[in-house]
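Visitor: One structure, pasted below without further comment.
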Amino acid sequence: MSDFGIYIHWPFCRSKCPYCDFLSRVQPNIDQDKLIASYLEDLTFYAQKTGPRTVTSVFFGGGTPSLLNPRQIEKIIAAVDKNWGLSRNAEISLEANPNTTDKALFADFRAAGINRLSLGIQSLDNQELKFLGRTHSAAMALKALEEVLKIFDNHSADLIYALPGQTLSNWQKTLKTILSFGLKHLSLYQLTIEEGTPFARKNISLPEEDFAADIFLTTEKLLEENGFQHYEVSNYAQKGYACRHNLLYWRGNDYVGVGEGAHGRLRIGNHFWATEHRRRMIELTPDERAQELLLMGLRLTSGIDKTLFEQTCSQNFDSFVNSDSLSELTKNGLLIDTPQNLRATPAGFLVLDKVTEELV
């Protein structure tokens with residue numbers, strides 16, 4: 001049986017970051033009991049649709065899911081187990097910010113059933129944090145890291161690079177500090193200006209593409225020297241610590257999404273479904289599902305397993321892709337194509353959006 005996951009979206013934040021285009025909002029006085037009751041109803045609904053499955057991962061994302069009361073998290077995990085059953089070694093992740101004033105909060109999350117914590121640090125430079133609209137300081141981030149490492153065996157941190165005014169030496173300093181903690185996983189995102197965000201309205205200018213490429217290549221080298229494997233465009237992990245839940249998305253496995261900003265993907269019999277809040281199920285054609293698998297699969301450094309692709313979406317891989325473009329991209333050193341697998345080269349990763357656009 002293939003991996004199967006549950007994504008729980010918590011749509012609230014204490015403040016809205018100016019670069020963020022995710023569905024999130026600031027709202028005081030949330031009735032958590034009422035909202036979580038609706039989540040539990042949705043989980044039961046999807047369990048009736050999927051039939052018996054075993055959940056291998058649960059991911060609490062947002063928004064800022066660390067605003068959830070640990071008691072509510074415990075309820076959700078129990079409901080997942082009741083509806084489907086959790087695998088013995090299920091990965092249960094939660095995204096948290098470093099600005100908590102509750103010294104026991106991380107321990108309470110662990111007691112509630114979270115076994116992997118991802119800390120949204122974004123930067124260790126106070127000026128950069130201010131620019132990004134973060135409400136924590138570098139000192140708070142370092143203190144939170146210390147606490148997380150005491151409590152969790154599986155941990156991750158998010159950082160953002162290619163900021164206006166950022167230098168390569170500053171970025172290397174941040175990375176070296178993070179690496180000194182011995183985290184198992186890092187998610188490193190290039191800053192992009194998304195339509196409709198405060199950054200877009202202010203016409204924030206980003207550094208030149210060459211600078212972003214230099215950071216990307218420098219990062220890859222430094223992390224490799226420190227035992228990290230680059231397994232997806234923005235993600236690096238110590239051996240055995242790749243995020244199992246996110247691998248569901250990139251490999252095309254099924255997952256249920258619950259919460260206002262959540263999406264899901266399900267195969268039920270010979271039908272493919274995209275799900276949206278609340279309990280909306282939209283049928284996808286095999287071609288539409290194949291296109292998603294191509295776009296997601298090439299984000300992995302391991303690329304796309306052609307046999308698995310065909311089993312997942314009932315489409316022949318070589319017939320689906322644009323063969324002329326594939327030949328040209330391979331000849332230009334952007335892709336490596338074998339009878340079993342298609343993957344991007346390091347040069348291909350730098351222009352991955354263009355590569356996938358030409359293949360579809």
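Visitor: Against the definition (of a type outside the set (Phe, Trp, Tyr) and within 26 Å of Phe22 (Cα to Cα)), how does Lys184 come out, yes or no?
Guide: Yes, satisfied.
Visitor: Within the group Lys184, Lys143, Lys150, Lys202, which residue is open to solvent by 40 Å² or more (accessible area, probe 1.4 Å) and farther than 28 Å from Ser93 by Cβ?
Guide: From the options Lys184, Lys143, Lys150, Lys202, the qualifying one is Lys202.
This table checks each residue for (1) over 17 Å from the mean Cα position of the chain (by Cα); (2) among the polar types (S, T, N, Q); (3) outside any loop (DSSP other than H, G, I, E, B).
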| site | (1), (2), (3) |
| --- | --- |
| Ser2 | yes, yes, no |
| Asp21 | no, no, no |
| Pro28 | yes, no, no |
| Ile36 | yes, no, yes |
| Leu40 | yes, no, yes |
| Ala79 | yes, no, yes |
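Visitor: Restricting attention to the range 267-285, report how many residues are out of contact with any helix residue (DSSP H, G or I) (no Cβ under 7 Å at 6 or more places or on another chain), assigned to a strand (DSSP E or B) and within 21 Å of Val80 (Cα to Cα).
Guide: Counting residues in the range 267-285 that are out of contact with any helix residue (DSSP H, G or I) (no Cβ under 7 Å at 6 or more places or on another chain), assigned to a strand (DSSP E or B) and within 21 Å of Val80 (Cα to Cα) gives 7.
Visitor: Just the residues that are on the phi < 0 side of the Ramachandran plot and open to solvent by less than 90 Å² (accessible area, probe 1.4 Å), please, taken from the range 267-282.
Guide: Arg267, Ile268, His271, Phe272, Trp273, Ala274, Thr275, Glu276, His277, Met281, Ile282
Visitor: Restricting to the range 244-266, name every residue that is part of a strand (DSSP E or B) and buried (at least 20 other Cβ atoms within 10 Å of the Cβ).
Guide: Tyr255, Val256, Gly257, Val258, Gly264, Arg265, Leu266
Visitor: Could I ask something else about it? Which of the residues spanning the range 133-149 are in contact (Cβ under 8 Å) with a residue 40 or more places away in the chain and not aliphatic (A, V, I, L, M)?
Guide: Of everything in the range 133-149, those that are in contact (Cβ under 8 Å) with a residue 40 or more places away in the chain and not aliphatic (A, V, I, L, M) turn out to be Gly133, Arg134, Thr135, Lys143, Glu147.
Visitor: Restricting the search to the range 67-83, which residues are surrounded by fewer than 16 Cβ atoms within 10 Å (Cβ to Cβ) and more than 16 Å from Gly257 (Cα to Cα)?
Guide: Within the range 67-83, Asn69, Arg71, Ala78, Lys82 meet the criteria.
Visitor: Hey, Gln238 hits all of (1) in contact with a strand residue (DSSP E or B) (Cβ under 8 Å, 6 or more places away or on another chain); (2) at pLDDT below 95; (3) not aliphatic (A, V, I, L, M) but one; which does it fall short on?
Guide: (2)
Visitor: Of the residues Gln315, Gln311, which single one is at pLDDT below 95, surrounded by 15 or more Cβ atoms within 10 Å (Cβ to Cβ), polar (S, T, N, Q) and more than 26 Å from His9 (Cβ to Cβ)?
Guide: Selected residue: Gln315, the only one of Gln315, Gln311 that is at pLDDT below 95, surrounded by 15 or more Cβ atoms within 10 Å (Cβ to Cβ), polar (S, T, N, Q) and more than 26 Å from His9 (Cβ to Cβ).
Visitor: Take Gln190 and tell me if it is surrounded by fewer than 20 Cβ atoms within 10 Å (Cβ to Cβ) and within 23 Å of Thr218 (Cα to Cα).
Guide: It is true that Gln190 is surrounded by fewer than 20 Cβ atoms within 10 Å (Cβ to Cβ) and within 23 Å of Thr218 (Cα to Cα).
Visitor: Can you tell me which of Gly227, Gly196 is of a type in the set (Gly, Ala, Ser) and either farther than 27 Å from Asn170 by Cβ or buried (at least 17 other Cβ atoms within 10 Å of the Cβ) (or both)?
Guide: So the residue among Gly227, Gly196 that is of a type in the set (Gly, Ala, Ser) and either farther than 27 Å from Asn170 by Cβ or buried (at least 17 other Cβ atoms within 10 Å of the Cβ) (or both) is Gly196.
Visitor: Checking the conditions here, which among Ser205, Ser187, Ser180, Ser169 is within 19 Å of the chain's Cα centre (by Cα) and either more than 25 Å from Gly61 (Cβ to Cβ) or of a type in the set (S, T, N, Q) (or both)?
Guide: Ser187
Visitor: Something else now. Go through the range 291-340 and report how many residues are of a type in the set (Gly, Ala, Ser) and in contact with a helix residue (DSSP H, G or I) (Cβ under 9 Å, 6 or more places away or on another chain).
Guide: 5
Visitor: Can you find, within the range 283-308, the residue that is surrounded by the most Cβ atoms within 10 Å (Cβ to Cβ) among those that are touching a residue at least 24 places away in the same chain (Cβ under 8 Å) and β-branched (Val, Ile, Thr)?
Guide: If we take residues in the range 283-308 being touching a residue at least 24 places away in the same chain (Cβ under 8 Å) and β-branched (Val, Ile, Thr), then Ile304 is surrounded by the most Cβ atoms within 10 Å (Cβ to Cβ).
Visitor: Moving to a separate point now. Please enumerate the residues belonging to the range 84-113 that are outside any strand (DSSP E or B), open to solvent by 50 Å² or more (accessible area, probe 1.4 Å) and under 20 Å from Thr56 (Cβ atoms).
Guide: Arg110
Visitor: Further question on the same structure: Write out, first by first residue and then by second, each pair whose Cβ atoms fall under 8 Å of each other, whose residues are 6+ apart or on separate chains, and whose first residue, in the range 1-22, is among the aromatic types (Phe, Trp, Tyr) while the second is at pLDDT 95 or above and open to solvent by 70 Å² or more (accessible area, probe 1.4 Å).
Guide: If the second residue must be at pLDDT 95 or above and open to solvent by 70 Å² or more (accessible area, probe 1.4 Å), the pairs left are Tyr7/His263.
Visitor: Which of the helices (runs of 4 or more DSSP H) contained wholly in the range 122-231 include at least 1 residues that are under 18 Å from Asn97 (Cα atoms)?
Guide: 126-131, 138-151, 168-179
The values are calculated or read from the model by the stated rules, or taken from the named source; none is laboratory data. Not measured: the values here are computed from a predicted model. Neighbour counts are summed over all protein chains in view; Cβ atoms, including those assigned to glycine, are modelled from backbone coordinates with ideal geometry. Please note that ligands, DNA and RNA were not included when accessible areas were found on the heavy atoms of the full protein model with its side chains. Shrake-Rupley method; radii C 1.70, N 1.55, O 1.52, S 1.80 Å.
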